[in-house]
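Peer 1: To start, I am sharing the structure in question, which I have written as structure tokens.
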Amino acid sequence: MSKIKSLFESGRFKSAFIPYFTLGDPNYNDSIEFGKTILDNGADILELGIPFSDPVADGPVIQRAAARSLKNRFSFDEIFRVTKAIHDHKPETPLVYLTYFNPIYHCGITKFLDRAKESGIVGLVIPDLPFDTEESETLFRELKVRDMDLIHLVTPASEKKRIQALSKTSSGFIYYVTSFGVTGERREFSVDLKERIKFLKDTIQLPICAGFGISTPDQANQISQYADGIIIGSAIQRVIEENGSDKTKTVTALADYISKIRASIS
Amino acid sequence: MGKNLPGYFGEFGGRYSPEILTEALEELESTYHKLKKSKKFKKELEYYLKNYVGRPSPLTYAERLTKLWGGARIWLKREDLNHTGAHKINNAIGQALIARFMGKKRIIAETGAGQHGLATATVGAMFGMETVVYMGAVDVERQNLNAKKIEMLGAKILPVTAGEATLKEATSEAMRDWALNVSTTHYIVGSAIGPHPFPMIVRDFQSFIGSEARSEFKKRNKKLPNAIVACVGGGSNSIGMFHAFLKDKQVAIYGAEAGGLGPKPGEHSATLTYGKTGFLHGTKTLIIQDEFGQIVPAHSVSAGLDYPGVGPEHAYLSQTGRVDYRMVTDEQALDSFLEVTRVEGIIPALETAHAFHVARDVAKDLGKKKDLVICLSGRGDKDVTEVLRLLGERK
Ligand SMILES: Cc1ncc(COP(=O)(O)O)c(C=O)c1O
């Protein structure tokens, strides 16, 4: 059983808290501290972003984070080193990567997966790799061999037929995109969010976690009433953006924010 | 699955865009297939191309260039004479008609040189659609005349400051806008790039270039040309020119891409020469990237060629060897720009000037009594200020 599957089946929480941040912003070693802080304050699963030069599915906050990260010399060695250090701090918490397909493809799928797994990664989210591509099928196969998960995105625009087809090559959980557009904090969500998530739960036998736009404890609390998990990226990245040059301050601010969100969805 | 699906050219192409866009891409694909078969749509498109754009564009025999270069006879397919001054309008009209058919009242576009932005703003004005154009902040500066025209036509320009602030970033930003407004908005992609069905649609709307050139040349010369040349940015004027000739094995085909300042990463936009297979802006194609799969910023003297990717069909034609893609440096393009201007009385776009440089070599190699057709993709009004500035730097 995959690590993510057993986590959701453990019944340890009502709704999982899945924070995201970009590795290497403002530098790789600080990322280790940020990762540890987030783990210590209540992440159930942690999404680590591998920066990509052209993040088309991301809004301005995460775009800027990727750009700041890429000012450091990018290398997979650094990515895996930092990942391993974060993983070693709390090995029981599942780590997943969120990145675009090009860097993975360029690294070589099997080589990338072997090293990711060694570093403690148990799943991948790839916003620009639709499930109905040859590359996605290859990836799914290779992940399965390694007991790792391919977490697909479903959006308010995804039609039933597509959702049914997608369930064949999805595992871990479904990343339900709460609103149109790209990542970023939002005040409102699509009106039928609750119904959509319920429909997904009935159609796909996987936990449904909601993300894109969530930032406040109130929003998290409200959505956790019906979603199996809450994914937060931009709001966390903004904490890093606003304080990142001062590591101690960032760590304090992150601890405060993460624990508030965790408390709001218990 | 994969390579034999529609939307692939060999291993290239496909649909690698965020899930939020998939339904819109599928709607676009099925609408387009329907419209393609519709006599009414065909008539409507032909009506606007003839009466608004000014098609068919002439095929000009370039007597003085032929003499000067001393080789093959030179012919020019005059896309510069289209309304708004470049081939981009062919595609903008076609896609605006699709958008109208789908009931979308807002259109958006990305632009580098500004020609596609101008074309989109123009059809937006003509059809009365709300129009937004994403343009790199650097390009807003160096293609300021077009930026001004776009605004004058009533479209909104949103300058993009991320990254290199050129075409690549403008394209990403347009995709983000589309993801947010996909139910009300059509994204008129400006080159033969992007997720399926865009490379196919853009190619089809640009194919008038090649089919007109082919039949006009044949009518006048009772044969086909020996070679054709076009410049390749994203690859729309070139694929439009090439497509009608792909099956004519006796016609040699050449593409001119931007060699920029030199072969180092970041100095050029020579995707077909230096690119490696990868995924960018929704398509699998050749891309200029580093050893880790990060996209390397492109450079070209011409904003319209300044893109680190290329349409997937070109990647395929390069792999099969059907088209010979060659690099032209900034300096060579500038020289060709001046040469053509003075010898033929035609100021070509800096993009097109790249094609002229390749054409000169090809004409010499072919020798006399052979024929060469160049796609004159657009006129150079937009480049006059920039060329003067560059000439000033040369001194
Ligand atoms: C006159 C002209 N030619 C060529 C291009 C390059 O685009 P493509 O390769 O899509 O024809 C542009 C782009 O702006 C252009 O304005």
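Peer 1: Check B:VAL343 against each of (1) more than 16 Å from the ligand (Cβ to nearest atom); (2) within 14 Å of chain A (Cβ to nearest Cβ); (3) among the β-branched types (Val, Ile, Thr) and name the one condition it does not meet.
Peer 2: (2)
Peer 1: Moving on to the next point. Would it be correct to say that B:ILE239 is within 14 Å of the ligand (Cβ to nearest atom) and either in contact (Cβ under 8 Å) with a residue 12 or more places away in the chain or surrounded by fewer than 18 Cβ atoms within 10 Å (Cβ to Cβ) (or both)? Show your work before the answer.
Peer 2: Details: within 14 Å of the ligand (Cβ to nearest atom): yes; either in contact (Cβ under 8 Å) with a residue 12 or more places away in the chain or surrounded by fewer than 18 Cβ atoms within 10 Å (Cβ to Cβ) (or both): yes.
Answer is yes for this residue.
Peer 1: Restricting the search to segment B:334-372, which residues are of a type in the set (Gly, Ala, Ser) and in contact with a Cys (Cβ under 9 Å, 6 or more places away or on another chain)? Write out each step before concluding.
Peer 2: So the first thing to find is which residues in segment B:334-372 are of a type in the set (Gly, Ala, Ser), and the list is B:336, B:345, B:349, B:353, B:355, B:359, B:363, B:367.
Matches in segment B:334-372: B:ALA349, B:ALA353, B:ALA355.
Peer 1: Please find, within segment A:114-135, the residue that is nearest to A:ILE45 (Cα to Cα) out of those that are at the interface with chain B (Cβ under 9 Å from one of its Cβ atoms) and under 19 Å from the mean Cα position of the chain (by Cα). Quick ask: steps written out before the conclusion?
Peer 2: As a first pass, look at segment A:114-135 and keep what is at the interface with chain B (Cβ under 9 Å from one of its Cβ atoms): A:127-135.
From the residues that got through so far, the ones that are under 19 Å from the mean Cα position of the chain (by Cα) too are A:127-131.
Numbers: A:PRO127: 18, A:ASP128: 21, A:LEU129: 21, A:PRO130: 23, A:PHE131: 22 Å.
Filtering segment A:114-135 for residues that are at the interface with chain B (Cβ under 9 Å from one of its Cβ atoms) and under 19 Å from the mean Cα position of the chain (by Cα), the one nearest to A:ILE45 (Cα to Cα) comes out as A:PRO127.
Peer 1: Right, another one. Going residue by residue through segment B:331-347, is there one that turns out to be modelled with pLDDT under 95 and buried (at least 23 other Cβ atoms within 10 Å of the Cβ)? Break it down into steps so the answer makes sense when it comes.
Peer 2: Residues of segment B:331-347 modelled with pLDDT under 95: none.
No.
Peer 1: Scan segment B:28-44 and tell me whether some residue there is buried (at least 20 other Cβ atoms within 10 Å of the Cβ) and within 14 Å of another protein chain (Cβ to nearest Cβ).
Peer 2: Yes: segment B:28-44 contains one or more residues that are buried (at least 20 other Cβ atoms within 10 Å of the Cβ) and within 14 Å of another protein chain (Cβ to nearest Cβ).
Peer 1: State which residue is farthest from B:TYR134 (Cα to Cα) when the search covers only segment B:294-317 and only residues that are small (Gly, Ala, Ser) and more than 9 Å from the ligand (Cβ to nearest atom). Spell out how you get there, then give the answer.
Peer 2: Step one: of segment B:294-317, the residues small (Gly, Ala, Ser) are B:298, B:300, B:302-304, B:309, B:311, B:315.
If we keep only those that are more than 9 Å from the ligand (Cβ to nearest atom) as well, we get B:298, B:300, B:309, B:315.
On the way: B:ALA298: 18, B:SER300: 19, B:GLY309: 18, B:ALA315: 26 Å.
So, considering only residues that are small (Gly, Ala, Ser) and more than 9 Å from the ligand (Cβ to nearest atom), the one farthest from B:TYR134 (Cα to Cα) is B:ALA315.
Peer 1: Let me ask you something else. Which ones in segment A:53-84 are more than 8 Å from chain B (Cβ to nearest Cβ), closer than 21 Å to A:LYS111 by Cβ and either among the aromatic types (Phe, Trp, Tyr) or within 18 Å of the chain's Cα centre (by Cα) (or both)?
Peer 2: Matches in segment A:53-84: A:ILE79, A:PHE80, A:VAL82, A:THR83, A:LYS84.
Peer 1: Among (1) under 27 Å from A:ILE86 (Cβ atoms); (2) at the interface with chain B (Cβ under 9 Å from one of its Cβ atoms), where does A:PRO156 come up short?
Peer 2: (1)
Peer 1: Follow-up. Does segment B:121-143 hold any residues that are within 16 Å of the ligand (Cβ to nearest atom) and touching an Asp or Glu at 6+ places or on another chain (Cβ under 9 Å), and which are they? Walk me through it before giving the result.
Peer 2: The initial filter retains those residues of segment B:121-143 that are within 16 Å of the ligand (Cβ to nearest atom), namely B:121-123, B:133-136, B:138-143.
B:ALA121, B:VAL133, B:TYR134, B:MET135, B:GLY136, B:VAL138, B:ASP139, B:ARG142, B:GLN143, listed by residue number.
Peer 1: Quick check on my filter: what residues within segment A:207-221 are among the β-branched types (Val, Ile, Thr) and in contact with a Ser or Thr (Cβ under 8 Å, 6 or more places away or on another chain)? Lay out the reasoning, then the answer.
Peer 2: Applying the first criterion (among the β-branched types (Val, Ile, Thr)) to segment A:207-221 yields A:208, A:214, A:216.
Result: A:ILE214, single match.
Peer 1: What do you reckon, is B:ILE20 over 20 Å from B:SER191 (Cα atoms), crowded, with 19+ Cβ neighbours inside 10 Å and within 14 Å of chain A (Cβ to nearest Cβ)?
Peer 2: Values: over 20 Å from B:SER191 (Cα atoms): yes; crowded, with 19+ Cβ neighbours inside 10 Å: yes; within 14 Å of chain A (Cβ to nearest Cβ): yes.
So B:ILE20 passes the test.
Peer 1: Could I ask something else about it? Determine which member of the set A:PHE17, A:PHE34, A:PHE8 is in a strand (DSSP E or B) and hydrophobic (A, V, I, L, M, F, W, C). Break it down into steps so the answer makes sense when it comes.
Peer 2: Numbers: A:PHE34 fails: in a strand (DSSP E or B); A:PHE8 fails: in a strand (DSSP E or B).
Within the list A:PHE17, A:PHE34, A:PHE8, the selection yields A:PHE17.
Peer 1: Within segment B:150-192, track down each residue that is surrounded by fewer than 19 Cβ atoms within 10 Å (Cβ to Cβ), touching a Gly at 6+ places or on another chain (Cβ under 9 Å) and in a helix (DSSP H, G or I).
Peer 2: Answer for segment B:150-192, where residues must be surrounded by fewer than 19 Cβ atoms within 10 Å (Cβ to Cβ), touching a Gly at 6+ places or on another chain (Cβ under 9 Å) and in a helix (DSSP H, G or I): B:LEU180, B:ASN181.
Peer 1: Which residues, counting only those in segment B:1-17, are at negative phi, more than 8 Å from chain A (Cβ to nearest Cβ) and either assigned to a loop (DSSP other than H, G, I, E, B) or in contact with a Gly (Cβ under 8 Å, 6 or more places away or on another chain) (or both)?
Peer 2: Of everything in segment B:1-17, those that are at negative phi, more than 8 Å from chain A (Cβ to nearest Cβ) and either assigned to a loop (DSSP other than H, G, I, E, B) or in contact with a Gly (Cβ under 8 Å, 6 or more places away or on another chain) (or both) turn out to be B:ASN4, B:LEU5, B:PRO6, B:TYR8, B:GLU11.
Peer 1: For B:LEU76, which of the numbered conditions (1) at pLDDT 95 or above; (2) closer than 30 Å to A:ASP54 by Cα; (3) of a type in the set (A, V, I, L, M, F, W, C) fails to hold?
Peer 2: If we test B:LEU76 against (1) at pLDDT 95 or above; (2) closer than 30 Å to A:ASP54 by Cα; (3) of a type in the set (A, V, I, L, M, F, W, C), just (2) comes out false.
Peer 1: Now, a different point. Say whether the condition of being surrounded by fewer than 18 Cβ atoms within 10 Å (Cβ to Cβ) and either of a type in the set (Gly, Ala, Ser) or in contact with a Cys (Cβ under 9 Å, 6 or more places away or on another chain) (or both) is met by at least one residue in segment A:228-235. Give the steps one after another, and end with the answer.
Peer 2: Of segment A:228-235, the ones surrounded by fewer than 18 Cβ atoms within 10 Å (Cβ to Cβ) are none.
No.
Peer 1: In segment B:170-191, which residue that is within 16 Å of the ligand (Cβ to nearest atom) and out of contact with any helix residue (DSSP H, G or I) (no Cβ under 9 Å at 6 or more places or on another chain) is nearest to B:ILE108 (Cα to Cα)?
Peer 2: Looking at the filtered set, the residue picked out is B:ALA174.
Peer 1: Then there is this: Mind counting the residues in segment A:214-257 that are under 18 Å from A:LYS36 (Cβ atoms), in a helix (DSSP H, G or I) and of a type outside the set (A, V, I, L, M)?
Peer 2: Counting residues in segment A:214-257 that are under 18 Å from A:LYS36 (Cβ atoms), in a helix (DSSP H, G or I) and of a type outside the set (A, V, I, L, M) gives 9.
Peer 1: Within the bounds of segment B:256-274, is there any residue that is more than 16 Å from the ligand (Cβ to nearest atom), farther than 24 Å from B:TRP75 by Cβ and acidic (Asp, Glu)?
Peer 2: yes
Peer 1: I need the full set of residues from segment A:236-249 which are within 16 Å of A:ALA43 (Cβ to Cβ) and touching a residue at least 60 places away in the same chain (Cβ under 8 Å), in order please. Talk me through it step by step, then tell me what you get.
Peer 2: Our first condition is that a residue be within 16 Å of A:ALA43 (Cβ to Cβ); within segment A:236-249, this holds for A:236-237, A:239-240.
Listed by number, the residues that qualify are A:ILE236, A:GLN237, A:ILE240.
Peer 1: How many residues are small (Gly, Ala, Ser) and within 19 Å of the chain's Cα centre (by Cα) when one looks only at segment A:136-178? Break it down into steps so the answer makes sense when it comes.
Peer 2: Here is the first cut: in segment A:136-178, the ones small (Gly, Ala, Ser) are A:136, A:157-158, A:165, A:167, A:170-172.
Right, trim to within 19 Å of the chain's Cα centre (by Cα) and you get A:136, A:167, A:170-172.
Within segment A:136-178, residues that are small (Gly, Ala, Ser) and within 19 Å of the chain's Cα centre (by Cα) number 5.
The values are calculated or read from the model by the stated rules, or taken from the named source; none is laboratory data. Worth saying up front: this structure is predicted, and the values here are computed from it rather than measured. Cβ atoms come from the backbone with ideal geometry, glycine included; neighbour counts cover every protein chain shown.
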